[in-house]
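Just so it is clear, none of the values below were taken in a lab; they were calculated from the coordinates. In this text the structure is predicted, and so the values were computed from the model without any measurement. No Cβ is skipped: glycine too gets one built from the backbone with ideal geometry, and neighbour counts run over all protein chains shown.
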Amino acid sequence: MTFEWSIIVESLPSLIEGAKLSWYIAITGIVGGLVLGTVAGLMRIAGTRAVGGRTYGFSLFLSRISQLVAFGYIELIRGTPIIVQAMFIYFALPLLIEVITGLRGVRFDAVTAAIITIMINAGAYMAEIVRGAVQSVNKGLVEAGMAMGISRLQLIASVISPIAFRRAIPPLGNQFIISLKDTSLFIVIGVGELTRQGQEIMASNFRALEIWSAVAICYLIMTSALALTLRFIEKRMRKI
Amino acid sequence: MKPIIEFRKVSKSFGETEVLHDISLTIVENEVVVLVGPSGSGKSTLLRCINGLEMVTSGDLVVNQIHLPRQKRSVREIRKEVGMVFQLFYLFPHMTALENVAFGPKKVRGFSRREANHIAQDLLDKVGLGDRGHHLPSELSGGQQQRVAIARALAVKPKVMLFDEPTSALDPELREEVLNVMTLVAQEGMTMMVVSHEMSFAKKAGTRLLFMDDGRIDEDGDPAELLLNPQTERLQNFLRHVGY
C-alpha cells in the first residue's frame with residue numbers, strides 16, 4: 001500500500017465540484033441564517049432594558065409575543081439534531097404542507113432543502129449569539145443614548161449594533177465554520193456536496209486514504225477562508 | 001420664574017423597597033440645584049426619574065409641562081429637553097469625540113452632518129477640547145471624556161442639565177477641569193440639577209442646596225447659608241464625613 005498522488009489528481013475535478021456546492025450551500029445558508037438570527041435574537045429580548053427600556057400597552061404585548069416566538073424557534077432548533085431537521089424539511093415538510101393545506105406535490109429539491117436547513121439551524125444559534133452580544137453592551141451606554149431622546153430604532157442601529165457586532169464576530173465565526181462543516185450531513189438527502197463526492201469516488205476505487213485526506217484538506221481550505229475573512233473584518237474595525 | 005420640574009408627592013419603589021418617599025419639589029428656570037446626601041439616600045434615583053430612566057411609582061412628576069407617569073409615551077419629548085451627564089461618562093466607544101457630540105444634533109434634532117459637526121466643534125472648543133475631536137474616548141483622560149460628555153449633552157440644546165456625580169470617578173486634579181466647565185454652563189443660565197459632593201462647586205455655582213437622607217429631602221436652602229449653618233444633625237454629620 002502506497003500513497004498514490006495520482007488518485008488525488010484524478011478525483012480532483014469531482015471533489016472541486018462537490019466543494020463548490022458545499023461552499024454555495026454554506027454561504028447562502030449562513031447569510032440567510034445571519035438575517036434570521038439577528039431578527040430572532042432581537043425578538044428574544046424585545047422590550048427589555050438591553051434594547052432601550054420597558055414598553056407599555058400594546059407594544060408590551062407585541063414584545064412579549066416576539067419573545068415567545070423567538071424562544072420557541074430557538075429551543076426547537078437547538079433541541080433537535082440537524083440531520084433530523086434536514087430529513088424533516090426534505091421528506092416530511094411536503095407531507096405536512098399537504099396535510100395542512102391540501103396542496104400536493106410541493107417539494108424542495110435537495111439543495112434547496114439543504115440551504116433552508118443551514119439557514120434555520122444556524123439562525124437559531126446565531127440568535128443566541130446576537131442576544132448575548134446585545135445584552136453585553138454596557139447598560140450605561142444604552143441609557144446614555146436613551147437619555148438623549150433618540151428613538152428605539154436609532155438606539156439599536158447607531159449605538160447598540162456597532163458595539164454588539166464587534167463582540168459577536170468571534171462566536172459568529174465559530175458558527176460559520178460549524179455550518180460549513182454541517183453541509184457534509186446532506187449526504188443523507190442525496191446532495192452532491194463534497195463528502196458525497198468523496199464517498200462516491202471511494203466506492204469505485206476503494207482508495208480511502210487518498211480520498212478522505214483530499215476531502216479533509218478541501219474542508220480545511222474552506223474553513224480557513226472563512227476564518228481569515230472574519231479576522232480581516234475584525235482587524236479593519238476601530239479598536240474600542 | 002417658570003417652574004420647569006415639579007415633583008408632586010412622588011414616591012418610587014424598587015420591588016418592596018421604597019427609595020423616594022412622597023417627594024414634593026419645584027425647580028424653576030435658571031436654578032442650579034446641588035443635591036447632596038449619603039449613598040443610598042435616593043439622589044440618583046430622584047435625578048433619573050426626571051428623564052424617565054426610572055418611572056415614578058406614584059404621584060405626579062411634571063417636566064417641561066409633560067406629566068409622568070401619565071404621559072409615559074412622551075418620555076422622549078422630555079429627554080430631548082433634559083440632558084444628562086453620568087458618573088462614568090458613557091461616551092459611545094466606537095465614535096470619536098466629535099462624532100459623539102454631533103450625534104445628538106444629527107439624530108435628535110435632525111441637523112445635517114455638516115451642521116451637526118459645526119455645532120459639535122463649537123462645543124468642543126467651549127469645553128477646551130477643540131483639538132481632540134478626532135480622538136476615540138479610549139484615547140482621552142477621564143476628565144477629557146467627561147467634558148466631551150457634557151458637550152454631547154449640551155449639543156441637543158436641552159433646557160435642563162442633570163449631572164449624576166460627574167466628578168466622583170475622577171482623580172482630584174481632573175475634577176477641577178470638569179467643575180470649571182460646569183460652572184461655565186451654570187453661568188450661562190442653564191437650569192441644572194447636580195448630584196455631587198463637591199461643596200466648593202455648590203458654594204460657587206449653586207443657587208440651591210438640597211440634602212437628602214433616606215428618600216426624603218431634609219434640608220433645602222441657599223448653599224452658602226446651609227453649609228455655614230446646617231440645621232439638622234444629619235447634615236452636620238454628613239458634611240463632616242465629606243471633609244467639609
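General observations
- Spin-label model, A:VAL9/B:LYS157: points 7 Å from Cα along the beta carbon direction are separated by 7.6 nm.
- Highest mean packing first, where packing is the average number of other Cβ atoms within 10 Å per residue, the peptides B:219-225, B:166-172 line up as B:166-172, B:219-225.
- Fewest-first sequence of B:LEU129, A:LEU153, A:LEU60, A:LEU34 by Cβ atoms within 10 Å of each Cβ: A:LEU153, A:LEU60, A:LEU34, B:LEU129
- Using a cutoff of 8 angstrom between alpha carbon atoms and counting only pairs six or more residues apart, the relative contact order for the range A:69-153 works out to 32 percent.
- Residue mean of other protein chain beta carbons inside 10 Å, A:149-157: 4
- Shape call, chain B: gyration tensor on alpha carbons, a/c limit 1.5: oblate
- Over chain B, relative contact order from alpha-carbon pairs under 8 Å, at least 6 apart, %: 25
- Computed from Cα atoms, the angle from the helix B:113-126 axis to the main principal axis of chain B rounds to 60 degrees.
- Look at the alpha carbon pairs under 8 Å that are at least 6 residues apart: their mean separation over the length of the range A:5-239 gives a relative contact order of 32 percent.
- Against chain A, whose longest principal axis comes from its Cα atoms, helix A:194-205 is set at around 10 degrees.
- In this rough spin-label picture, where each label sits 7 Å from Cα along the Cβ direction, the B:ALA169-A:SER213 distance is 5.8 nm.
- Descending by average beta-carbon neighbour count within 10 Å, the peptides A:222-230, B:35-43 line up as B:35-43, A:222-230, the highest first.
- Three-way shape call for the range A:5-239 based on the alpha-carbon gyration tensor, with the a/c threshold at 1.5: oblate
- Calculated [θ] (222 nm, deg cm²/dmol) that DSSP helices of n ≥ 4 give over chain A, each run adding -39,500 (n - 2.57): -25000 deg cm²/dmol
- Shielding value for B:46-54 is 2, the average number of Cβ atoms from other chains within 10 Å of each residue's Cβ.
- The protein assembly as shown shape via C-alpha gyration tensor axes, a/c threshold 1.5: prolate
- Label-to-label distance, nm, for residues given as A:MET237 and B:THR232 (7 Å Cα→Cβ offset): 4.9
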